[in-house]
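Bear in mind that the values in this text are calculations on the coordinates, not laboratory data. Source: prediction; values computed, not measured. When we count neighbours, we look across all protein chains shown, and the Cβ atoms used for this are built from the backbone with ideal geometry, even at glycine.
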Amino acid sequence: MERFVIIGAGAAGISAAQVLRDFRPKDVVTVISTDEKVHSRCMLHKYLGHERDAQGINFVGADFFEKNDIVHISCETVKRIDTAAKTVFFGESYSAPYDKLLIATGSGFFIPPIPHFREAPNVFGFRDLSDALKIDEAFAKGRRVFIVGSGLVGLDAASALCERGAEITIAEMAPRVMPLQTDDYAASVYQKVFEDHGCKFLLGIGASDAVVDEAGNITEVILSNGEHIPCDFIIMAAGVRPRIQIALDSGIAAERAIQVDGHLRTSVPDVYAAGDCTGLSGVWPDAMAQGKAAARNMAGVDEAYPKPYPFKNTSNFFGVTMLSVGRLDLTEGADILVHKTPTEYKKAIVKDGRLTGYLSLGDISNHGLYLHLIRSGIDISGKLDKIFRLTFADFYGINEKNGEFAYSV
Amino acid sequence: MKRIFIEPAKCDGCKNCTLACMESHREDGGRGLYTLDLTDPANQSRNRILSDGKGGYLPIFCRHCDDPDCAGTCMSGALVKNQTTGLVDYDAEKCAACYMCVMACRYGVPAVSPDRKRMIKCDFCQHLEEGPACVRACPKKAIEVREV
C-alpha cells in the first residue's frame, strides 16, 4: 500500500487527488490544505458579490473527499518537508509520511514595495476564499475601495463590489484596462461598461505612497502624480508569485518557481509539483492538466507533460464577452486583420501563414478552434480571406475508430 | 458508452437534425415544428451542418470526447465527463459563464447563451427516453448512435 500526500486543494491538487484515487483504489490519498473549503479561485467574485455561498463556488461536490475516500486535512499549512525521512510536517506537531508527494501550493498575490502597503492591515489580496472573507468584512465598514491592477482579478473584484454599491477606483500602470488580454479598442469597451457601473479608472499611473492612521490602516493612496485618493481599504491585483517557500525550506530546487522536469518531477526523488507553483502557466486548465499528469506519473504511468500554451483567456463582465488567445502584443513582421461591426470586434495576428494571436469581443460562440490553430501552428495561409469565419468544417476529419473528430491538415 | 457517429458522405444538408435539436430544447412549452420560432436565439440548435464548399455537407456535433477539452478547462465543476454514461454532462446551476469551455473546445462546439449566463452544447437529449432527437430526425442515417 502506497501513501500519496498532496499539498494544496486548488485545481492541480484536487484533480491530482481524483486521478490518484481512480488509478489506485486501495492506496491512501491525503490532501493537506491551508484552505478550509475547496473553492474555485476563478469564482471568488461570485462569493464576494453575494451571488453564491462558499459551497456555491466549490468546483467539486460537497462529498468529494468522502465519496472518493480521500483524507482531507484542512486549515493546516505544511511547514517543512523532510525529504530524507519522506515526511511532511504541519500544525503544532503533526506529521504525515509519504511514499510520493505532490506540491500544489499555487501562487499568492504580490504586493509591490510601495511604502505602507505591505504592512497595512487593510490591504487585501483577492486570491483565496479567506481573502474574500476579509474583504467582505472590510466592506461592511467602508465602501470606498481602491484596487491596484486592472487585470482579470482586479476587474473580478470590481465587478463583484460595484454590484453591491461600492465606490471603486482602479489604478492601472498600463495605459489601458486588462493590458495582457486586450488591445486599445477592446479595453475601451470594457472600461466604458465598468464606468457605466460606477467604477473610476486611473490609467498609466501607479500608487507611490500612502497616508496611514494610527492603526497603520491606509486612509489615502498617494499616486505618482501626487494626487491623494481617500479609501477605506485596498485590493491588490497586481500579479501573483508562485508559492515556493516550502520548497526553498526543504532543499527542493526552486528559483522564481519550483523546478520540474517533463514529467513534473522536482529535483528530489518522489516529490512532484503541479499548477501555478511550477511557474509553467497561470491559468486554470493548465493547472488541472498538470495535476492529472503529475498524478498519473506518481501512480507509475510514464507520461510526459508537454509544455503548456499559457496565453489564453476569456472574460465575461456585465455580459460583455471576450476571447483572447495567443500574443496580441507581438506584431512585428505580422499582418494584423480587423473586423469591426457595431456588435462585434475581431482581430487576428498572422505571421508566416500562421495565426499567432486572436481577439474576439462579442459573441464568442464556436471560437475554440482559434486557440488550437495558434497552439498547433497550423498553416492557414490559404484561408486568410475567411479568417473571421473559420469553423471546424475547414479542417474536418473523423477518427474512424472511435468516432471522435480529428483535425485534417 | 454511446456516441453519435457521423457519416458526412450520407448527409444531404436537409437540417432536419438542426430543427429536431431546436424542437427538443425549446423552453416555451410548445410542441411541434409549426409553432417553433426559428428566429428566436433562445431556440438555437446544438448541432450545425456546414458546407464543405464542394457541394457536400459536414455535420458538427458534440463528440462527448474521451478526454474532453471543455470539462478539462471548467473552473466551476459545471462540465463533467460522466464515467458511467460517457457523456459530458452540464449543470447550468453550477456554471459561472466564464466561457473557458468555448475557448478550449478545439472543434468549436460550445456556444454562448443569448443572455450570456450559460453555455450551450449537446446533452444527448437525456430528457427523451428514445434518445437524441437529431438522430431520429435524420432521413439518411448520416448520424447514428453507436456503442464505443
* To do: Mind giving me the FRET efficiency for A:I229 and A:D329? R0 is 25 Å, r the Cβ-Cβ distance, nearest 0.05 is fine.
  => 0.30
* Structure fact -> Candidate cut points under trypsin sites (Lys or Arg not before Pro) in the stretch A:262-341, DSSP loop plus at most 16 other Cβ atoms within 10 Å of their own Cβ, are A:R327
* All-pairs alpha carbon distance profile, the stretch B:1-144, 5 Å steps from 0, percent -> 2, 10, 18, 21, 21, 17, 8, 2, 0
* Of A:K386/B:K10; B:K81/B:K117; A:K347/A:K383, which pairs sit farther than 24 Å apart, going by alpha carbon to alpha carbon? -> A:K386/B:K10
* In nanometres, what is the gap between the two model label sites at A:K401 and A:V301, each 7 Å from Cα along Cα-to-Cβ? -> 1.5 nm
* Structure fact -> Of the candidates A:A215, A:T182, A:P230, the farthest towards the positive dipole end of the stretch A:169-232 (Lys/Arg Cβ +1, Asp/Glu Cβ -1, centred on the Cα centre) is A:T182
* Asked: Of all trypsin sites (Lys or Arg not before Pro) in the stretch B:52-148, which ones are in loop regions per DSSP and have a Cβ with at most 14 other Cβ atoms within 10 Å?
  -> B:K54, B:K117, B:K140, B:K141
* Structure fact -> Shielding of A:310-317 by other chains, given as the mean Cβ count within 10 Å, works out to 4
* Asked: Assigning unit charges at the beta carbon (Lys, Arg +1; Asp, Glu -1) and nothing else, what dipole magnitude in debye, to the nearest 20, does the protein assembly as shown show about its Cα centre?
  -> 1360 debye
* Asked: According to a simple spin-label model (label point 7 Å from Cα along Cα-to-Cβ), what is the distance in nm between A:R354 and A:T87?
  -> 5.1 nm
* To do: Return the calculated 222 nm mean residue ellipticity for chain B, to the nearest 500 deg cm²/dmol, obtained by summing -39500 (n - 2.57) across DSSP H runs with n ≥ 4 and dividing by the residue count.
  => -3500 deg cm²/dmol
* Using just the helices of chain A, give the 222 nm mean residue ellipticity in deg cm²/dmol: DSSP H runs with n ≥ 4 each add -39,500 (n - 2.57), and the total is spread over all residues, rounded to 500. => -6500 deg cm²/dmol
* Which value, in debye to the nearest 20, describes the size of the charge dipole of the stretch A:312-395 about its Cα centre when Lys and Arg Cβ atoms bear +1, Asp and Glu Cβ atoms bear -1, and nothing else is charged? -> 100 debye
* Structure fact -> Taking R0 as 30 Å and r as the Cβ-Cβ distance between A:S130 and A:K200, the FRET efficiency 1/(1 + (r/R0)^6), rounded to the nearest 0.05, comes to 0.60
* Asked: Extent of the protein assembly as shown along each principal axis, from alpha carbon coordinates, in Å, largest to smallest?
  -> 77, 60, 51
* Could you please report the charge total around A:G206, scoring K, R as +1 and D, E as -1 over all other residues with beta-carbon less than 12 angstrom from its beta-carbon? => -3
* Asked: Stretch A:A140-A:Q55 to full length: gain in nm at 0.36 nm per residue minus the Cα-Cα span?
  -> 28.4 nm
* To do: Extending each Cα 7 Å along its Cβ direction at B:E7 and A:L180, get the distance between those two points in nm, one decimal.
  => 4.9 nm
* Using the structure shown, select from A:K192/A:K340; A:K37/B:K121; A:K26/A:K292; A:K37/A:K79; B:K2/B:K94; B:K54/B:K140 the pairs with a Cα to Cα distance greater than 27 angstrom. => A:K37/B:K121
* Can you check what the net charge comes to around B:V112, using other residues whose Cβ is under 10 Å from the Cβ of B:V112 (Lys, Arg +1; Asp, Glu -1)? => +1
* Compare the Cα positions of A:V29, A:G326, B:G77 along the charge dipole of the protein assembly as shown (+1 at Cβ of Lys, Arg; -1 at Cβ of Asp, Glu; about the Cα centre) and return the one farthest towards the positive end. => A:G326
